[in-house]
1. Please count how many residues of segment 33-56 are in contact (Cβ under 8 Å) with a residue 12 or more places away in the chain, over 12 Å from the mean Cα position of the chain (by Cα), in a helix (DSSP H, G or I) and farther than 25 Å from residue 98 by Cβ.
2. Looking only at segment 80-96, how many residues end up being surrounded by 14 or more Cβ atoms within 10 Å (Cβ to Cβ), in contact with a helix residue (DSSP H, G or I) (Cβ under 6 Å, 6 or more places away or on another chain) and modelled with pLDDT under 85?
3. For the condition modelled with pLDDT of 90 or more and part of a loop (DSSP other than H, G, I, E, B), what is the one hit in 59, 17?
4. Take the residues in segment 119-138 that are under 20 Å from the mean Cα position of the chain (by Cα) and surrounded by 14 or more Cβ atoms within 10 Å (Cβ to Cβ); name whichever of them is farthest from residue 150 (Cα to Cα).
5. Could you tell me whether segment 92-113 includes any residue that is free of Cβ contacts under 8 Å to residues at least 60 places away in the same chain, closer than 15 Å to residue 55 by Cα, outside any loop (DSSP other than H, G, I, E, B) and touching a strand residue (DSSP E or B) at 6+ places or on another chain (Cβ under 7 Å)?
C-alpha cells in the first residue's frame with residue numbers, strides 16, 4: 001500500500017533564535033521588504049513586524065514603550081519562559097519629517113536601532129538589481145524600482 005505524501009507545514013523555529021521586533025513607517029512597502037528579507041533568513045533569526053506605523057518620532061516612542069512593557073513583563077515572570085526581543089528596530093524614510101535627529105537620539109538613548117532610507121526605501125530595492133554607488137533622487141529611484149519589480153514597490 002503506498003502512502004500519500006503529506007504536505008509539510010512551515011518549519012518550526014527553534015526557541016533559541018534571536019528575536020528582532022521592527023517598527024516601520026509604512027504599512028505596505030517597508031513591511032514587504034522586511035518580510036522578504038525575513039523569509040531568506042528565517043533559520044537564523046525571528047523577525048516580528050509591529051502593527052504600529054507612523055512618523056519617525058511616533059515609531060521610536062512606540063518601540064520604546066513596547067521594549068519597556070516587555071522588560072517589565074519579563075521581570076514579573078521571574079523564572080518563567082517569558083522572552084523579550086533581542087533587538088528593536090525602527091525603519092523610516094528621511095522624506096520631509098520634522099524631528100528626525102531628535103528621533104534618532106531618542107532611539108539611541110533607548111537602545112533601539114534605526115535603519116533610515118534616504119531619500120526613500122526604493123534604493124534598497126534597487127540594490128537587489130543594480131550596483132549603485134551614487135546618490136539618486138526619490139522619483140528616479142521609484143521609477144527604476146517600479147521597472148525592476150514590474151508594478152508597485154513590493155518584493156513579495
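1. Qualifying residue count, segment 33-56: 0.
2. The qualifying residues number 1.
3. So the residue among 59, 17 that is modelled with pLDDT of 90 or more and part of a loop (DSSP other than H, G, I, E, B) is 17.
4. 119
5. For segment 92-113, residues free of Cβ contacts under 8 Å to residues at least 60 places away in the same chain, closer than 15 Å to residue 55 by Cα, outside any loop (DSSP other than H, G, I, E, B) and touching a strand residue (DSSP E or B) at 6+ places or on another chain (Cβ under 7 Å): present.
The values are calculated or read from the model by the stated rules, or taken from the named source; none is laboratory data. None of the values given here were measured: they were computed from a predicted structure. When we count neighbours, we look across all protein chains shown, and the Cβ atoms used for this are built from the backbone with ideal geometry, even at glycine.
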